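The values are calculated or read from the model by the stated rules, or taken from the named source; none is laboratory data. Computed from a predicted model, the values in this text were never measured in an experiment. For neighbour counting, all protein chains shown are included, and Cβ atoms are generated from backbone atoms with ideal geometry for every residue, glycine included. We work out accessible area using only protein heavy atoms, side chains counted, and drop any ligands, DNA or RNA first. Shrake-Rupley method; radii C 1.70, N 1.55, O 1.52, S 1.80 Å.
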Amino acid sequence: MNLFADLRTVVLAALDDLVSGGVLPAGLDYANVTVEPPRDAAHGDMATNAAMVLAKPARANPRAIAEALAAKLMDDDRVAVAEVAGPGFINMRLVDDAWLGIVSAALTQTGFGRSDLGANRKVLVEYVSANPTGPLHVGHTRGAVFGDALASLLDFAGYDVTREYYINDGGAQVDVLARSVYLRYLEAHGQEVAFEDGTYPGDYLIPVGEALKDKVGDRFVGKGEEHWLDEVKTFAMDAMMDLIRGDLGLLGIEMDTYFSEKSLYGTGLIEAAITELDEKGLIYVGTLEPPKGKLPDDWEPREQTLFKSTAHGDDVDRPVKKSDGAWTYFAPDIAYHYDKVKRGYDALIDVFGADHGGYVKRMKAAVSALSDGKVPLDIKLTQLVKLYKNGEPFKMSKRAGTFVTLADVVEQVGPDVTRFHMLTRKNDAPLDFDFDKVTEQSKDNPVFYVQYAHARINSVLRKAQEAGIDVSQDALKAADLGKLGHEAERALMKSIAEWPRLIEIAAKGHEPHRIAFYLYDLASNLHALWNRGNDDPSLRFLQEDDIATTQSKIALIRSCQVVLAQGLGILGVTPAEEMR
C-alpha cells in the first residue's frame, strides 16, 4: 500500500474529470504531477503541484485550476480537507481512517513497501572490483557496502538484480603479486628476502608463501621466473580471491558472478567490441590534442587508434590502441561492458572509488555507443573514508603493510555498525568513521538510535506477553485501531506511510543512503511517542486493565518494527532483538 501513490491516482482521476468537463484541455502530460508531504507539516498531510505544472500547457491560471481541482478532490472519502495555497498548490488533510489503514497494511501485507517499479527489468550492479593483490581496505569497504545495499534496494523495488565483481587479473600487478608471493615462498624455506619497491610487503602474503611451499616443496627454489611465474600467478590469484571472498563474507556480501579480466584476452572479445564500434563509424586513427596545462616531459604527438567518444557525450576522444599496436587500459573495459550489454541487461550500474572520476564520461560513452543508447549506465563514485579512534587518525594495518583493512574495521565494531555507518552519508560525500562515536549509545549515533527503536518494541512485546496479553500477529491484525488518535500516534503512522514512497525515490535515484536517513526519522518518531508516554499515561503502550487499547497501540509499534526490520534488511544490518 502506497498511500501517496494512491492519492496521486485520485488527483489524476480528478484532472481527467476536469478535462471531460471542459475545464482543462485534452492531451495534458501528467508526468510531473506529484503528491508528497508538504515542506511544512502544519500545512497538511499531503500536497500536490498539479495546478502549477499544468497551468502553462493548459494556458490557464494556476489558482483557477487548483480551486476546481480541490473541489473534485473532496469527493474522495479519504480527503478531509483540500485547500489552495499560494499561487496554486493544493494542501490536503486526510481522515484518520486513511492513516489507520497504513498500520493494517504493514501488519497484513507480505513485503509491505515492496514496489513493482522495476517491472523485473534486469540490472547488473558491479561493485568492489578491487585489484586482487591483497585484502580489501577501508575504501573498498564503503564501495562494497554501498553497492550491496543498492542491489538490495533495487531488488526490493522490483528489479531482477545481479551482483558482479570484476577481477582485475589481466594487468602487470598480477605479475608483481606472483613475485611477492615467491619472496614469501623463499622466506618459508628459511631464506632472507628483501622487498623491492613496487612489491607487496604485507604480512598477509606470509601464509600464501607457506601454502605454496606445502604444495610444491623446493621445486621453485633457485629457479628463474620462466620456471615458476605462470604457476605462482595462478596460485596467488586463487589465494587472493579466497581472501577477498572472506573479507566480503565478514560483511555478509555474496556476489552472484565473478568476471575475470583475463577472460577478455585471447578470446576475441576485445576485438569484437572494437569492431562493433568501428562498424558504427566510431573508430579512427588520429592524433590527440596535447593535454591542457604543462605538458608531461615524455609527451609527444603520435598517431593512435581512437574511439570517437565525443559523439556520445565525452569531452575528448579516447585511445583504444597504442601506436605500438598494444591495447590501452580502456580497451578491455570497453570489451567488459560490451559483454554486459550482450548478456541482455536492461541497465548497468558501476560503483567506483573516487579516484575513477575520470572514467565516468568515457565509460558512459562506450556503453551508449555499444547499445545504441538503449542501455543506461550509471556510475556511482564513493568518496574517501577517514578513520579516527580516540580522537586520532586510525593507524595503518601491520598485516596489510600500507593501509587499514576491511577486516580491521569489522573487528573493531562489527559488521552491522560498519554497514549502517557507511550509509549515513551520500556516496559522493566524504565520510568520517570514528570508532568511538559509531559505538556510543546516544541519539547522536544513528546506528544505535535505530537499533534501539527495534529493540524497544521487542521489549514492549515481551512485557505484554508476560502480562498475558495476546500480541500474536493474528491478534494485532484484529486490533481496534480506532482507539489510536493522538497526534503523536498519527505522526508515527505518517512516518510509516512514507516507507513505500521512499523506496521508489531511493531506487530511482540509486541512493541507498536515503534508507538510513529515513530509518533514523522513523526511529525518532517511535522514541518521541515513547517519551510522551512518560508524561501522558494514555500514550503508554501497555494500558493496565485495557487489553483492547493495549493491542491497538502495540499494533501501531509492531507495524513500525516491520518497517525498521525491512529497512535494516536492505542495508544488510541485522535488527537488534535487545540492547546490551
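The requirement of being surrounded by fewer than 18 Cβ atoms within 10 Å (Cβ to Cβ) and within 30 Å of THR110 (Cα to Cα) is not satisfied by PRO57.
For the stretch 155-169, filtering for residues that are open to solvent by less than 30 Å² (accessible area, probe 1.4 Å) and either in contact with a Leu (Cβ under 9 Å, 6 or more places away or on another chain) or under 19 Å from PHE420 (Cβ atoms) (or both) leaves 7.
Close Cβ contacts (under 8 Å, 6 or more residues apart or on different chains) running from residues in the stretch 245-268 that are in contact (Cβ under 8 Å) with a residue 12 or more places away in the chain and open to solvent by 80 Å² or more (accessible area, probe 1.4 Å) to residues that are β-branched (Val, Ile, Thr) and outside any loop (DSSP other than H, G, I, E, B) comprise ASP256/THR162; LYS262/ILE167.
On the stretch given as the stretch 43-76, residues that are more than 34 Å from the chain's Cα centre (by Cα) and of a type in the set (S, T, N, Q) total 1. Whether any residue in the stretch 456-477 is closer than 30 Å to VAL410 by Cα and of a type in the set (Ser, Thr, Tyr) is what I want to check. Within the stretch 456-477 (the criterion being closer than 30 Å to VAL410 by Cα and of a type in the set (Ser, Thr, Tyr)), the answer is yes, since at least one residue qualifies.
For the stretch 85-100, indicate whether the set of residues that are open to solvent by 30 Å² or more (accessible area, probe 1.4 Å), under 23 Å from HIS486 (Cβ atoms), in contact with a strand residue (DSSP E or B) (Cβ under 8 Å, 6 or more places away or on another chain) and of a type in the set (D, E, K, R) is non-empty. Looking for residues that are open to solvent by 30 Å² or more (accessible area, probe 1.4 Å), under 23 Å from HIS486 (Cβ atoms), in contact with a strand residue (DSSP E or B) (Cβ under 8 Å, 6 or more places away or on another chain) and of a type in the set (D, E, K, R), one finds at least one in the stretch 85-100, hence yes.
Remark: pairs (first residue in the stretch 131-157, touching a residue at least 12 places away in the same chain (Cβ under 8 Å) and of a type in the set (Phe, Trp, Tyr); second residue open to solvent by 20 Å² or more (accessible area, probe 1.4 Å) and in a loop (DSSP other than H, G, I, E, B); Cβ separation under 7 Å; 6+ apart in sequence or on different chains) = PHE156/ARG114. Determine, yes or no, whether ALA576 is assigned to a loop (DSSP other than H, G, I, E, B) and surrounded by 15 or more Cβ atoms within 10 Å (Cβ to Cβ). The answer is yes for ALA576.
State whether the residues of the stretch 127-139 include one that is over 21 Å from PHE259 (Cβ atoms) and at pLDDT 95 or above. Scanning the stretch 127-139 turns up no residue that is over 21 Å from PHE259 (Cβ atoms) and at pLDDT 95 or above. Of all residues in the stretch 404-436, which are touching a Ser or Thr at 6+ places or on another chain (Cβ under 8 Å), assigned to a loop (DSSP other than H, G, I, E, B) and either under 13 Å from ASP247 (Cβ atoms) or without any contact (Cβ under 8 Å) to a residue 24 or more places away in the chain (or both)? Hit for the stretch 404-436 is VAL404, nothing else.
Results for (1) at pLDDT 95 or above; (2) touching a Leu at 6+ places or on another chain (Cβ under 9 Å); (3) open to solvent by less than 40 Å² (accessible area, probe 1.4 Å); (4) of a type outside the set (D, E, K, R), shown as yes or no for each residue.
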site	(1), (2), (3), (4)
GLY171	no, no, yes, yes
LEU183	yes, yes, yes, yes
GLY190	yes, no, no, yes
PHE220	yes, yes, yes, yes
LEU229	yes, no, yes, yes
ASP242	yes, no, no, no
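The strands (runs of 3 or more DSSP E) found wholly in the stretch 274-393 include none carrying at least 3 residues that are surrounded by fewer than 21 Cβ atoms within 10 Å (Cβ to Cβ) and at positive phi.
Of the residues making up the stretch 102-120, just one is touching a helix residue (DSSP H, G or I) at 6+ places or on another chain (Cβ under 9 Å), under 17 Å from GLY569 (Cα atoms) and among the hydroxyl-bearing types (Ser, Thr, Tyr), namely SER115. Here is a check on your reading of the model: is ALA41 open to solvent by 30 Å² or more (accessible area, probe 1.4 Å), under 22 Å from ALA491 (Cβ atoms) and small (Gly, Ala, Ser)? So ALA41 fits the description; yes. Scanning the stretch 186-224 for residues that are free of Cβ contacts under 8 Å to residues at least 60 places away in the same chain and small (Gly, Ala, Ser) turns up ALA188, GLY190, ALA194, GLY198, GLY209, ALA211, GLY217, GLY222, GLY224.
Residues are listed down the side, and each one gets a yes or a no for (1) touching a Leu at 6+ places or on another chain (Cβ under 7 Å); (2) closer than 19 Å to ILE274 by Cβ:
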{"residue": "LYS308", "(1), (2)": "yes, yes"}
{"residue": "TYR329", "(1), (2)": "no, yes"}
{"residue": "ALA335", "(1), (2)": "yes, yes"}
{"residue": "GLY344", "(1), (2)": "no, no"}
{"residue": "GLY358", "(1), (2)": "no, no"}
{"residue": "LYS364", "(1), (2)": "yes, yes"}
{"residue": "ALA369", "(1), (2)": "yes, yes"}
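If we keep just the residues of the stretch 481-494 that are assigned to a helix (DSSP H, G or I) and without any contact (Cβ under 8 Å) to a residue 60 or more places away in the chain, which is surrounded by the most Cβ atoms within 10 Å (Cβ to Cβ)? Among those that are assigned to a helix (DSSP H, G or I) and without any contact (Cβ under 8 Å) to a residue 60 or more places away in the chain, it is ALA491. The residue of the stretch 499-548 that is farthest from ARG142 (Cα to Cα), among those that are surrounded by fewer than 17 Cβ atoms within 10 Å (Cβ to Cβ) and among the acidic types (Asp, Glu), is ASP545.
For the stretch 431-468, a residue qualifies if it is surrounded by 18 or more Cβ atoms within 10 Å (Cβ to Cβ) and of a type in the set (Val, Ile, Thr), and the qualifying residues are VAL438, VAL447, VAL450, ILE457, VAL460.
Here's a check for you: in the stretch 109-133, which residue that is over 13 Å from the mean Cα position of the chain (by Cα) and on the phi > 0 side of the Ramachandran plot is most open to solvent (accessible area, probe 1.4 Å)? Among residues in the stretch 109-133 that are over 13 Å from the mean Cα position of the chain (by Cα) and on the phi > 0 side of the Ramachandran plot, the one most open to solvent (accessible area, probe 1.4 Å) is ASN120.
Among the residues of the stretch 559-577, none qualifies, meaning not one is more than 25 Å from the chain's Cα centre (by Cα) and at pLDDT 95 or above. Taking the stretch 1-117 as the region of interest, the helices (runs of 4 or more DSSP H) fully inside it that hold 1 or more residues being farther than 30 Å from ALA478 by Cα and in contact (Cβ under 8 Å) with a residue 60 or more places away in the chain are 3-20, 62-73. Scan the stretch 540-548 and give yes if some residue there is out of contact with any His (no Cβ under 9 Å at 6 or more places or on another chain), farther than 19 Å from LEU107 by Cβ and either touching a residue at least 60 places away in the same chain (Cβ under 8 Å) or small (Gly, Ala, Ser) (or both), otherwise no. No, that holds for no residue.
Going residue by residue through the stretch 396-412, is there one that turns out to be under 22 Å from LEU526 (Cα atoms) and within 21 Å of the chain's Cα centre (by Cα)? The answer is no; no qualifying residue exists.
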